[in-house]
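In what follows, a structure is listed as structure tokens, so that the remarks can point back to it.
A short reminder: the numbers here are calculations on the coordinates, not readings from a lab. Please read all numbers here as calculations on a predicted model, not as lab measurements. Cβ atoms come from the backbone with ideal geometry, glycine included; neighbour counts cover every protein chain shown.
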Amino acid sequence: MSRIPFNVPPYTGKELDYMAQAVLVNHKLCGDGPFTKKCHQWIEQRTGTKKALLTTSGTDALELAAMLCDLKTGDEVILPSFTFSSTANAFVLRGAVPVFVDVRPDTMNIDETKIEAAITDKTRVICVVHYAGIGCEMDTIMDIARRHKLRVVEDAAQAVMAFYKGRALGTIGDIGCYSFHETKNYSMGEGGAVLINDPALIEPAEIIREKGTNRSRFLRGQVDKYTWVEPGSSYLPSELNAAHLLAQFEVADQVNQNRLSSWNYYAERLSPLEQQGKLTFLRVPEECAHNAHMFAVRLKDLEERTAFISYLSDHGVQTVFHYVPLHSAPAGVAHGRFHGEDVYTTAESNRLTRLPMYYGLTREDQDKVIEAIFGFFGQR
Ligand SMILES: *Cc1c(COP(=O)(O)O)cnc(C)c1O
């Protein structure tokens, strides 16, 4: 029996052509060549961010963002516990303490009504995660940040081509972070981008990304030699990876529509089960245009989810759950704390799983997934 995988990395047709061009025509494989520049332009034009810079991963985009926040040991960062380790790691590596806040059960995003109570005189940053490419309640969050003079970092790793009130996710806070890992909507294998929305952070970001040098200013003719000016690192991806990504950016609308169409098909066909209370979907608030990054369903509890994943696996369908809430993971216990009560984070994460979702998923395969799900509930 052929298995329906959870993810197939996107491939749209021109990737290898462009990678060959990087090797044979441009003779440039290191970072910041023509393909990288075109990717930067595409992100800037499509999102309206002041400056986009490709990075070697979404994790590195978050690390760069954390460095830009200029944190001292013991400073606090407010974030959800229901997220990938990279969101917290970036700040812990700077000596900061992650302060976890509960999520909303409808979107699994940080509960904006619980942020203010977690603020102390050590709080410097609110780091939101737009889970599944569905936007957090950004107007409320930006208002809290302004009143308390906090920076806002958006972990928009899952949110490329997704919007809140018409604004691209990743462009609303001071800094946005994208991922182009092969499990994301647009891929360069491993890669990411930072979106710099506060103009004062553009030059510091360029310096950190270029080994702590002012090379970008030098290349623009703004200084006559380039030199080490600040602590930094190297976050430039190879042109090979950027070439792969550009091919996908050029057909981004097609990829997005294809994913949305699969997402809507799941929602429509599975809606009877939701109406019967057997499955709970994520809700997409009216202010948000999502990008169909994932189709998540929630079962009754952990036990039913385990049975569901195993039943679907026996019927040739791979489904995947995540995340172990960070505040209960060993590093979260050691380095962070949860503020307030964990009403939804653990309970909802225990009953959530994700259905196969990728560019090019066929209706025939979706029908098999849907049939297996109805089968699990004893309905055919
Ligand atoms: C994928 C992801 C990351 C990390 O991105 P990588 O490119 O894999 O390093 C960070 N945060 C979230 C929410 C993600 O989904």
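Based on every Cα atom in segment 52-100, Rg and the maximum pairwise Cα distance Dmax equal 10.6, 30 Å. Ranked for footprinting exposure by Cβ neighbours inside 10 Å, fewest first, V223, V25 give V25, V223. All C-alpha to C-alpha distances of segment 112-246, sorted into 5 Å bins beginning at zero, yield P(r) values of 2, 10, 16, 17, 18, 16, 12, 7, 3, 0, 0 percent in whole numbers. Relative to its residue count, segment 279-340 spans a Cα convex hull of 164 Å³ per residue. Computed over the alpha carbons of segment 49-193, Rg followed by Dmax gives 13.8, 40 Å. If the Kirkwood radius is taken over C-alpha pairs of segment 313-352, then at 20 °C and 1.002 mPa s the Stokes-Einstein diffusion coefficient equals 180 µm²/s. When Rg and the Kirkwood radius Rh are both evaluated on Cα atoms of segment 267-380, their ratio Rg/Rh stands at 1.01.
Sorting Y358, Y11 from the fewest to the most surrounding beta carbons within 10 angstrom yields Y11, Y358. Using a cutoff of 8 angstrom between alpha carbon atoms and counting only pairs six or more residues apart, the relative contact order for the chain works out to 23 percent. Relative to the longest principal axis of the C-alpha atoms of the chain, give the angle of the C-alpha long axis of helix 302-314, reported between 0 and 90° and rounded to the nearest 10°. The two axes meet at around 90 degrees. The GNM of the chain, with springs linking C-alpha atoms under 10 angstrom apart, assigns the highest mean-square fluctuation among G332, G340, G221 to G221. Taking amide H as placed 1.01 Å from N in the peptide plane, the amide H of F321 sits under 5 Å from that of R354, each at least 5 places away or on another chain. Around the amide H of K51, modelled in the peptide plane, lie the amide H atoms of I196, all under 5 Å away and 5 or more residues distant in sequence or on another chain.
Looking at the chain only, what percent of DSSP beta bridges run antiparallel? Nearest 5 please.
55
Take every DSSP beta bridge whose two residues both sit in segment 143-260; close to 75 percent of them are antiparallel. Per the Cauchy relation, a quarter of the hull surface: what is the mean projected area of the convex hull of the alpha carbons in segment 178-294, in nm²? If you wrap the Cα atoms of segment 178-294 in a convex hull and average its projections, you get 10.5 nm². Counting beta carbons within 10 Å around each of S85, S2, S262 and listing the fewest first gives the order S2, S85, S262. Computed from the C-alpha gyration tensor, the three semi-axes of the ellipsoid equivalent to the chain are 35, 27, 16 Å, from longest to shortest. Secondary structure note: in segment 24-159, about 5% of the DSSP beta bridges are antiparallel. Applying the Karplus relation 6.51 cos²θ - 1.76 cosθ + 1.60 with θ = phi - 60° to segment 366-378 yields 3J(HN,Hα) values of 4, 4, 5, 4, 5, 4, 5, 5, 4, x, 4, 8, x Hz, where x marks Gly and Pro.
Applying the Karplus relation 6.51 cos²θ - 1.76 cosθ + 1.60 with θ = phi - 60° to segment 76-86 yields 3J(HN,Hα) values of 10, 10, 8, 7, x, 8, 7, 7, 6, 4, 4 Hz, where x marks Gly and Pro. Cross-linked pairs K72/K149; K14/K368; K51/K184; K38/K184: Cα-Cα separations exceed 26 Å for K14/K368. The local environment of D301, defined by Cβ-Cβ distances under 14 Å, has a net charge of +2 under the rule Lys, Arg +1 and Asp, Glu -1.
Across all Cα pairs in segment 1-92, the calculated P(r) in 5 Å bins from zero up to the longest distance comes to 2, 10, 13, 15, 17, 15, 12, 9, 5, 2, 0 percent per bin. Using only Cα atoms and rounding to the nearest 10 degrees, what angle (0 to 90) does helix 252-275 make with the longest principal axis of the chain? Tilt relative to the chain: about 30 degrees.
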